[in-house]
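Take a look at the structure below.
The values are calculated or read from the model by the stated rules, or taken from the named source; none is laboratory data. No experiment lies behind these values; they were computed from the predicted model shown. Don't worry about glycine lacking a Cβ; one is built from the backbone with ideal geometry, like all the others, and counts go over all protein chains shown.
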Amino acid sequence: MDKELRNALTIVAALILLILLLYGKYDVDEAKQIENEERTRLSMIASRYSLGVHIQNSDGVLDIDLYPTDDTQILIDKLSLVAEVVPIFEAPRQQINENDWVAVSDILGDQRLEYKAYYRSLNEELQQNSVHPESIKWFIYSSSLYVREDLEQLFNEQGVDYDF
């Protein structure tokens, strides 16, 4: 084999090796990024739903478990009250019972978006006589037991006792 062909093959082989190494590093970096995003999401869900967090390190792999607390139960009770008066909302009981808080978060997020779209579709007069989406969000997710006036009025009209 002549020297020029050997040099060209060496360069091509080096480039292929470099590409494979970079691709492998990219896969590892991408996997770490996905893992970090998942941890961040679990942290946000734990905070939003007042969940306890149990972290276990098994062979360098973090296993993160979320579990309900007394404050989580208050949130679930608030959600149940909202579900009594706003048909779009439904407490995802099965996912709560299965301790699948990622699914609970997804379902409630979808319900909030659906209600927000419904609310925005109303004319101004109907909006004034409806519960604002932020009132529902505040009631469910706030650690406060305060109920905004529009939601309080709906509870009263429907005969729902919202005191804890």
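Would you be able to say whether some residue in the range 128-139 is in contact (Cβ under 8 Å) with a residue 60 or more places away in the chain and under 21 Å from ASP71 (Cα atoms)?
Taking every residue of the range 128-139 in turn, at least one turns out to be in contact (Cβ under 8 Å) with a residue 60 or more places away in the chain and under 21 Å from ASP71 (Cα atoms).
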Of the conditions (1) farther than 23 Å from LEU154 by Cβ; (2) buried (at least 18 other Cβ atoms within 10 Å of the Cβ), ASN97 clears all except one; give me its number. (2)
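Conditions tested, residue by residue: (1) buried (at least 17 other Cβ atoms within 10 Å of the Cβ); (2) within 27 Å of GLY159 (Cβ to Cβ); (3) not charged (D, E, K, R).
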position	(1), (2), (3)
ARG41	no, no, no
TYR49	yes, no, yes
ILE55	no, no, yes
VAL61	no, no, yes
ASP65	no, no, no
ALA91	yes, yes, yes
ARG112	yes, yes, no
ALA117	no, no, yes
VAL131	yes, yes, yes
Given the conditions (1) surrounded by fewer than 16 Cβ atoms within 10 Å (Cβ to Cβ); (2) within 25 Å of PRO68 (Cα to Cα); (3) modelled with pLDDT of 95 or more; (4) not acidic (Asp, Glu), report the number of the one that ILE107 does not fulfil. (1)
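Which residue out of ASP106, ASP71 is under 26 Å from ASP163 (Cβ atoms) and either touching an Asp or Glu at 6+ places or on another chain (Cβ under 8 Å) or in a helix (DSSP H, G or I) (or both)?
Every option except ASP71 fails the conditions.
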